[in-house]
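Down below is the structure, laid out as structure tokens.
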Amino acid sequence: MTHGFIKCSTGECVEGWIPASVLCVCAAMFGSCRCLLHAVNQDGNLMEWSLESVREMVAGGMQSVRECEICACAIAVCVLLLFMWYCYRVGREHGTSPGKGKQGSLLEEQNGFAFCQSSECFRCTSAGESLNQRLYHSLQEYAKRYTWSGMGRVHKGVRDQGRYLNSRPTIQRPEVFFLPDLPSAPFFSREVQRHDVELLEQSFPALLAEFESIYHQPPARSGSSLPPGWKANNTPRGQWWTYYLVNQGTPLVLNVRRCPRAWRVLGQLRTFIANNVFGNACFSVLTPGALITEHYGPTNVRLRCHLGLRVPPSCELVVGGEPQCWSEGSCLLFDDSFLHRAFHDGSPDDGPRVVFMVDLWHPNVAAAERQALDYIFTPGRLEDREGK
């Protein structure tokens, strides 16, 4: 005989009539109903407990379980996939960075071409979970020494840095630090940093003359084509040379001595990033046929300014998919946290493309935030903490 339901004789149960298979399994697991039960067949006739009725209820319960096997397997597969996805995301956001001196830690590739091999590069040696932790400790130190006032965006950026860097669209993906809620665009109007742009453009003759003096020096050593102070950067074709006055927040004393007028101009700029690792100032040279492959800058808190000193035809800068050309004596402002590249497709007779490059604060980074970022990203601070 097939049994459909079991009725609680005491009336203490929430439901007066319960499916027999369900109650059988639940009672076996939890012992929740201790009342005297009577089996009821499909005709509604009450039957006394018997061994046969228990067997039939167990069989009904097992059948129900078997019918749910497919659903249970599907749920288990979904849970497993969610767990694997979670592990993948955690691994991406909090993966440890290779330590200093380890093979591969100083070499980064973009489009299959290595463009940074320096052990002194902050971007290459500071990444991953260890950097996020060091950033947060540095922010706490700053707040204790000074104040938390005005630190909302900085705190938000430091706290969720891993998520921000990994979830950014491919068109803009800073490699080290992303400050949230900043207006972003590949290129900016000269008006956003008008004072500094005008000062640089007024200094065009002096900067060009100083470039000529350092560019035409004899090679620094035998077998080298570079004058003293110049650095060759990796490019897939052509030559890209830089002459740094300030490299990642650190002045290069010998180079500064050779360029007193350029150094004086930097000192007069109001928004030059002079005190943290995101600040650079240099002369940058691209020879005919040179290509700087697509890459990202380290942060969105700065705008990179190029003052054109020598600009032959067929030279172009592409930022976020938008092309622009330099002009001699004019400044070009762009956000280098966007994917960008530069090239010089002119003939050898055209000569090199030359710009004076400086990093300025993004106009929407407040004064309190600048002070905090200068403290957090002071050259050597994060490296020192890593060694402790």
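The values are calculated or read from the model by the stated rules, or taken from the named source; none is laboratory data. All figures in this text were calculated on a predicted structure; none of them were measured in a lab. Backbone-built Cβ (ideal geometry, glycine too); neighbour counts: all protein chains shown. Ligands, DNA and RNA are stripped out before the accessible areas are found, and what is left, the full protein with its side chains, is counted by its heavy atoms. Shrake-Rupley method; radii C 1.70, N 1.55, O 1.52, S 1.80 Å.
Before I look further, what does the stretch 172-234 give for accessible area per residue, probe 1.4 Å, in whole square angstrom? Intermediate values should be presented prior to the final figure.
Numbers: 3050 Å² over 63 residues.
Heavy-atom accessible area per residue stands at 48 Å².
Taking every protein chain into account, the 1.4 Å probe leaves residue 52 with about 100 Å² of accessible area, to the nearest ten.
Among 344-353, 293-302, 249-258, sorting by the average number of other beta carbon atoms lying within 10 angstrom of each residue, highest first, gives 293-302, 344-353, 249-258. When the P(r) of the stretch 231-388 is calculated, the portion above 20 Å amounts to 53% of the C-alpha pairs.
Computed over protein heavy atoms with a 1.4 Å probe, the accessible surface of the stretch 297-338 works out to 27 Å² per residue. When peptides 305-315, 169-179, 354-364, 225-235 are sorted by average Cβ neighbour count within 10 Å, with the highest value leading, the order is 354-364, 305-315, 169-179, 225-235. Ligands, DNA and RNA left out, the accessible area of the stretch 309-388 computed with a 1.4 Å probe is 45% carbon and sulfur.
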